[in-house]
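Visitor: Sending over a structure as structure tokens; questions will come in a sec.
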Amino acid sequence: MRPLFIAVEGLDGSGGTTQVKLLADWLRAQGRPVHVTAEPSTGPVGRFIRQALADPQARVGDAVLPYLFAADRRDHLDREVLPALERGEHVVSDRYKHSSLAYQSLCMGLSQVAELNSRFRAPDLTLLLDLDPETCLQRILARGEPRDRFEALDRLRAVHDSYEAVVVLTRSQGERVCRVDAQGSVEQVHARVVAAVKDRASA
Ligand code: TYD
């Protein structure tokens, strides 16, 4: 299998982090090294974003976030993603461009966010973990972690609708986006993820 850049997307609580890990293990077992990563990244801009999202007193307004996420994405691509692909590794990223298109378009407008992100390399495959907002919120609350500003139910519903528009837009631009039913057990969802990746690899 040639090196693939795969982004895993979905609402908070849709199981992305778990599925990224399982997918990376599966890809490694196929014989090629895998670089696992995430956005916001671990770089300087990514760390700043995480702090801002976690702090209710943060004076970083929603209108500033699209630019911060885009700056982090440039840094993340140059520092981690592109070098790993050049070394012949698969890259699996827990969130990427579609997160900006879905979340930041709620305040900025989809075409503007798309423009801001238009120069970033498209993934070879984006997997959208599809789960209803109510189930996502239950999972978030069950984790008992403090909620960040994106995690209230209304917000989850809005982001869910927004992802729908993002799929339509990015597919029309030739991106490979696969919607994965994220209901069911971890193993069931993993099997669907693997099927989607095999399908992409053989295309
Ligand atoms: P997330 O990966 O869910 O963080 P954690 O692993 O701590 O749960 O990302 C944090 C939040 O950032 C999440 O609610 C989605 C949001 N986000 C955006 O709004 N735009 C983006 O471009 C990215 C990458 C994330």
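The values are calculated or read from the model by the stated rules, or taken from the named source; none is laboratory data. Just so it is clear, the model here is predicted, and its values are computed rather than measured. Counting neighbours? That spans all protein chains shown, and the Cβs are built from the backbone with ideal geometry, glycine included. Note: accessible area is taken over every heavy atom of the protein model, side chains too, but ligands, DNA and RNA are not part of it. Shrake-Rupley method; radii C 1.70, N 1.55, O 1.52, S 1.80 Å.
Visitor: Hey, could you check region 124-165 for residues that are part of a loop (DSSP other than H, G, I, E, B) and either open to solvent by less than 10 Å² (accessible area, probe 1.4 Å) or aromatic (Phe, Trp, Tyr) (or both) and say which is farthest from the ligand (Cβ to nearest atom)? Write out each step before concluding.
Guide: The first filter runs over region 124-165 and keeps only residues part of a loop (DSSP other than H, G, I, E, B), leaving 124, 131-132, 144-152.
Restricting the remaining residues to those that are either open to solvent by less than 10 Å² (accessible area, probe 1.4 Å) or aromatic (Phe, Trp, Tyr) (or both) gives 131, 150.
On the way: LEU131: 13, PHE150: 4 Å.
By that ranking, first place goes to LEU131.
Visitor: I'm trying to understand the selection: among the residues of region 108-135, which are in contact with a His (Cβ under 8 Å, 6 or more places away or on another chain) and hydrophobic (A, V, I, L, M, F, W, C)?
Guide: Listed by number, the list holds a single entry, LEU128.
Visitor: Quick one: which helices (runs of 4 or more DSSP H) lie wholly within region 1-98 and hold at least 1 residues that are open to solvent by less than 30 Å² (accessible area, probe 1.4 Å) and closer than 19 Å to ALA191 by Cα?
Guide: Passing ranges, in order: 16-29.
Visitor: While we're on this one: Only one of these conditions is not met by SER105: (1) surrounded by 14 or more Cβ atoms within 10 Å (Cβ to Cβ); (2) in a loop (DSSP other than H, G, I, E, B); (3) at pLDDT 95 or above. Which number is it?
Guide: (2)
Visitor: When region 1-50 is examined, which residues are found to be of a type in the set (Asp, Glu) and away from the ligand (no atom under 12 Å from the Cβ)? So that I can check it myself, show each step before the final result.
Guide: Our first condition is that a residue be of a type in the set (Asp, Glu); within region 1-50, this holds for 9, 12, 25, 39.
Selection gives ASP25 alone.
Visitor: Within region 176-203, how many residues are outside any helix (DSSP H, G or I) and either out of contact with any Leu (no Cβ under 9 Å at 6 or more places or on another chain) or without any contact (Cβ under 8 Å) to a residue 40 or more places away in the chain (or both)? Before the answer, list the steps.
Guide: Here is the first cut: in region 176-203, the residues outside any helix (DSSP H, G or I) are 176-185, 202-203.
This time we only want the ones that are either out of contact with any Leu (no Cβ under 9 Å at 6 or more places or on another chain) or without any contact (Cβ under 8 Å) to a residue 40 or more places away in the chain (or both), so: 184-185, 202-203.
The qualifying residues number 4.
Visitor: Run LEU11 past the list (1) within 20 Å of VAL159 (Cβ to Cβ); (2) of a type in the set (A, V, I, L, M, F, W, C); (3) at pLDDT below 95 and report the number of the one that doesn't hold.
Guide: (3)
Visitor: Out of LEU131, LEU141, LEU85, report the one residue that is under 21 Å from LEU11 (Cα atoms), touching a residue at least 60 places away in the same chain (Cβ under 8 Å) and not acidic (Asp, Glu). Full working, then the answer.
Guide: Details: LEU141 fails: touching a residue at least 60 places away in the same chain (Cβ under 8 Å); LEU85 fails: under 21 Å from LEU11 (Cα atoms).
One residue alone meets the criteria, LEU131.
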